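This report refers to the structure that appears directly beneath it.
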Amino acid sequence: MALRADDLIDRRRLRRKLTFWRVAALVVAAAGLIAFSSWIYGDDFTGTAVDHIAKVKIEGTITEDEDLIKQLETIRQSSRVKAVILSIDSPGGTTVGGESIYEAVRKLAAEKPV
C-alpha cells in the first residue's frame, strides 16, 4: 500500500507539531521543577547556605554609590558572611562618596572582620 504525497506531507506536519509540544512540555516541567525547588529550599537553593567570605571590589572613581552602600549593608546583615575582603582600585573621588563608603565600611567592620 503506497502512501500518497498528501499523506506524507500531513504526516510530516503532525510530526513537527508533536515535537513542538514535547519540547514545550519539557520546558514547562523544567521551569516547574526549578520553581518548586527554590520554594522548598529558599535561600539554601541559591548558594548562600554555607558560611563564606565576601569579596567586594571598588573600582574607578569613587562617588556616592547607593548600590555599593546597599551591598555592604546586605553583607553586614547576613549571618552567613563571616568576613569581608575589600579590594579598592581607585584614583580617588568625591568627598561625599568617600565618606559614605567609609561610614558603611566602618559599620561593617564593627560586626565582621574586614
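Nothing in this text is a laboratory measurement; each read-out follows from the coordinates by a stated rule. Note that the structure is predicted; figures quoted are calculated from it, not measured. Ideal geometry is used to build each Cβ from the backbone, glycine not excepted, and the neighbour counts take in all protein chains shown.
Quick one: in segment 87-114, of everything that is out of contact with any helix residue (DSSP H, G or I) (no Cβ under 8 Å at 6 or more places or on another chain) and of a type in the set (Ser, Thr, Tyr), which residue is nearest to Glu59 (Cα to Cα)? Filtering first and then ranking leaves Ser90.
A quick yes/no check of all residues on (1) surrounded by 14 or more Cβ atoms within 10 Å (Cβ to Cβ); (2) of a type in the set (Lys, Arg); (3) touching a His at 6+ places or on another chain (Cβ under 9 Å); (4) at positive phi:
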residue: Val50; (1), (2), (3), (4): no, no, no, no
residue: Lys55; (1), (2), (3), (4): no, yes, no, no
residue: Arg76; (1), (2), (3), (4): yes, yes, no, no
residue: Asp89; (1), (2), (3), (4): no, no, no, no
residue: Thr94; (1), (2), (3), (4): no, no, no, no
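Scan segment 72-93 for residues that are in contact with a strand residue (DSSP E or B) (Cβ under 7 Å, 6 or more places away or on another chain) and either closer than 15 Å to Asp51 by Cα or among the polar types (S, T, N, Q) (or both) and the total you get is 9. Of all residues in segment 91-114, none that is aromatic (Phe, Trp, Tyr) has its Cβ atom under 8 Å from the Cβ atom of a residue that is in a helix (DSSP H, G or I), 6 or more apart or on another chain.
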